[in-house]
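The values are calculated or read from the model by the stated rules, or taken from the named source; none is laboratory data. As the structure is a computational prediction, the values presented were derived from the model and not from experiment. Virtual Cβ from ideal backbone geometry, glycine too; neighbours counted across all protein chains shown. To get the accessible areas, we keep the full protein, side chains included, count just its heavy atoms, and leave off ligands, DNA and RNA. Shrake-Rupley method; radii C 1.70, N 1.55, O 1.52, S 1.80 Å.
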Amino acid sequence: MRIGRDFTNCLLSDYLTEKDRNALLEGDMDLSTVNALAGEDLKRDVIGQIRAIKELGMNHLELDADPPNPYLDMSESRKEEIKKFAEEKDVTLSLHLPYTYIGASLCCFQEADRTAAVNHAKECIQFASDVGATQLVTHPGSLPPYHGKGEYLEMAKKSLIQSLLELGEFSIAEGINLHLENNVAFDNFLVEADDCMEVVRRVREKGAEIYFNFDIGHWFTRADAGESIPENPVKILERIPADFMKELHLNDYVPKEKIFHPPLHLQWGPLKKKYLSEYSRIIKRKDVEVLVLETAFKSVDHFRERDSLLEKETQYVRDIFGV
């Protein structure tokens, strides 16, 4: 099993001007502004991210194609450079397809909107193929609260299945595995594993072999939507068939405070060490191929302690997973 990261915002400070970096570290710049200023530059520097993965002793990198997305304008020579460099460093790649703005319309029953989202996703899949990525991940799309039930919900599922069928066929032709990832509760659509597996089965029945990327941190958001989290939260993995899983996202969530993706070794959320150890045993038994950590920094202190935090979390996960 390969273990890697989607760096989310963890490396952003490297792409700020000295003036802006100092403002961040002195607490004079909010994290959203940091992302707006440096997010696209971070995403564009795939070579730098691969180097960072190797420095952490990991061997997989997931890229994020959500806006701002610099990948569709990347030159053929640059994409070839990325592909060769990843191969040279023995780092496999995956791509997270857009999940906001146009990306959120994969489940839209307005055909023009759905088709636009699919076509945009295909452009991103072509980029993934050009750089040699092996895995793709997509969210199901999101719904306004008043569409998240009744007939509207069934219409959204039908539209999503059509989108996944088209994207699955396109991905298979490019030699890449497409995964459906469960949403957070606030997206009002496909939060639960059983609902996602139903969609995956229906797409498979139509002829496209897609997979299910179960994001346990996303699932924990149900605690802030009137549902409970079981005492042992990782047992849910037992319900997912082994042949549905190739890549998984690993992150935690802090209910009530609504903190997404805190560093795992801090154990702020339900995913305590004993449960992460059981998580490891389950996914190894099911032969999961790729595990992607999605840690995101939540404070200025995290950026001040960046290198130490990433190293400690990486070692914590490697010790638990025995890699």
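Which number in (1) buried (at least 24 other Cβ atoms within 10 Å of the Cβ); (2) without any contact (Cβ under 8 Å) to a residue 60 or more places away in the chain; (3) of a type outside the set (K, R) marks the one condition that Q135 misses?
Every condition holds for Q135 apart from (2).
For H265, only one of the following conditions fails: (1) at pLDDT 95 or above; (2) within 30 Å of Y146 (Cα to Cα). What is its number?
Checking H265 against (1) at pLDDT 95 or above; (2) within 30 Å of Y146 (Cα to Cα), the one that fails is (2).
Within the range 182-204, identify whether any single residue is of a type in the set (S, T, N, Q), open to solvent by less than 10 Å² (accessible area, probe 1.4 Å) and touching a strand residue (DSSP E or B) at 6+ places or on another chain (Cβ under 6 Å), and answer yes or no.
Within the range 182-204, not a single residue is of a type in the set (S, T, N, Q), open to solvent by less than 10 Å² (accessible area, probe 1.4 Å) and touching a strand residue (DSSP E or B) at 6+ places or on another chain (Cβ under 6 Å).
Of the residues S142, S159, S129, which single one is of a type in the set (S, T, Y), part of a loop (DSSP other than H, G, I, E, B) and buried (at least 16 other Cβ atoms within 10 Å of the Cβ)?
Exactly one residue qualifies, and that residue is S142.
Looking at (1) over 25 Å from E26 (Cα atoms); (2) open to solvent by 10 Å² or more (accessible area, probe 1.4 Å); (3) of a type outside the set (S, T, N, Q); (4) more than 18 Å from the chain's Cα centre (by Cα), can you tell me which one E289 breaks?
(4)
So, in the range 172-195, of the ones that are part of a helix (DSSP H, G or I) and more than 17 Å from the chain's Cα centre (by Cα), which residue ends up farthest from H147 (Cα to Cα)?
Among those residues, the one meeting the criterion is A173.
Name every residue in the range 144-160 that is modelled with pLDDT of 95 or more and touching an Asp or Glu at 6+ places or on another chain (Cβ under 9 Å), in order of residue number.
Within the range 144-160, K157, S159 qualify.
Report yes if G148 is under 26 Å from R2 (Cα atoms), of a type outside the set (A, V, I, L, M, F, W, C) and open to solvent by 10 Å² or more (accessible area, probe 1.4 Å), otherwise no.
Spelling it out, it is not the case that G148 is under 26 Å from R2 (Cα atoms), of a type outside the set (A, V, I, L, M, F, W, C) and open to solvent by 10 Å² or more (accessible area, probe 1.4 Å).
Check K83, K122, K79 and return the single one that is in contact (Cβ under 8 Å) with a residue 12 or more places away in the chain, more than 23 Å from P67 (Cβ to Cβ) and of a type in the set (K, R).
None of the other options fit; the residue is K83.
Just checking: which of the helices (runs of 4 or more DSSP H) contained wholly in the range 231-323 hold 2 or more residues that are of a type in the set (F, W, Y) and more than 20 Å from A52 (Cα to Cα)?
273-285
Per-residue answers, yes or no, for (1) farther than 19 Å from F321 by Cβ; (2) touching a residue at least 24 places away in the same chain (Cβ under 8 Å); (3) more than 18 Å from the chain's Cα centre (by Cα); (4) surrounded by fewer than 20 Cβ atoms within 10 Å (Cβ to Cβ):
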position	(1), (2), (3), (4)
L237	no, yes, no, no
F244	yes, yes, no, no
N251	no, yes, no, no
K256	yes, yes, yes, yes
W268	yes, no, yes, yes
Y275	no, yes, yes, yes
E278	no, yes, yes, yes
